[in-house]
Each structure stands twice: as C-alpha cells, then as structure tokens.
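Reading through the structure tokens given below for one structure.
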Amino acid sequence: MDSAEYERKIAARFATFDQDGNGYIDREDFSAAAKAVLAEFGTKARSERGQALYIGAEAFWQGMAGIADRDGDQRITREEFVGGAVKRLRDNPERFAEIARPFLDAVIAVADADADGAASPQEAARALKALGVQAEVADAVAAGLDSDGDGRILEPEFVAAFAAYFTVPE
Ligand code: CA
Ligand code: CA
C-alpha cells in the first residue's frame, strides 16, 4: 500500500468514527452510532437491547479516549487518531477487540432478528452500513465473515473483522 492509499484508508476510518462529521471524535459520535443501529433495526432505546447498546457505546468511547485522547479534552482529533489510536491499535489488536466487544456484542443482539445468538451476513452488513462503513466494504466484510457459509456470524468473527477494518496495515 502506498502512502496516499494508506492516508485515504485512515481518513475513511476516522470518518466512520466521526459520525456527525464535525472533525473530531467524541462521546456524541458513539451515541449517534448506537442510535443509527437502533433505527436501522427498529429497536427501541429503552429496550434491554437498546440499553445494552448504549452502555457498550459508552465503554467503547471510554476505551478509545483512554488510548487516543492525549490532551484529555474529551475529543479525539484527527491528529490524535492517526498518532495514537491507529498505531496503538495496530500494535495491539487484542486491546481493540477488548474495548469494542461490549458494543459489538450489543450490535449483534440488536441485528439478530431471530435471536439465535448469531447475525446473518445480511444483518451484519446492515449493521456495518448503519455504523457508516462504506456499502461495498460492508457487503464484502459481511460475506467474508461467514467463512463456513452457514449463514451465522458469531461475535468473535464480528469483533475480529471490525478490528481488522480499523487496524489499517501500513
Ligand atoms: Ca464528531
Ligand atoms: Ca483530545
């Protein structure tokens, strides 16, 4: 990957986190992400699944802030994202999985219409698109996730794919 390609990918990842597009990532972006997923699947915020999603989003924000918000102003700038989050997450993908897992668990629970504990590839793609992942990337990721073709995507696969998407190789 050349540096222009790398920059483009980083910019796309930043834009995914910066849900409201105001140029920095903060708590509002994470609650906006939760809200978008709930809207996509017609789930109420006050439901058990809705509450779990908001709690997961808050934990995800706290984890990201801990990694990237160097000046502690409760905002992750693009500079902090590139200099802190991207590098540290690439060095330690397990850490990223840890901070993202409660949120992603909750996303799967919301997306999983038949409540069998797994999302279908279509449900996973819808969730990723609701989160702002570009449509063609979301479809490819979701299809790839169901590697054994049984139509069920479990949480560890979803977490691994999400981590792979955000930990852009240099
Ligand atoms: Ca923002
Ligand atoms: Ca900051």
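Structure summary
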{"quantity": "Long pairs among Lys44/Lys129; Lys87/Lys129; Lys35/Lys129; Lys9/Lys44, criterion Cα-Cα beyond 22 Å", "calculated": "Lys87/Lys129; Lys9/Lys44"}
{"quantity": "Largest-first principal axis extents of the Cα set of the chain (Å)", "calculated": "43, 37, 25"}
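Read the figures in this text as sums done on the coordinates, not as results from a lab. Everything numeric here is computed off the predicted structure, so don't read it as measured data.
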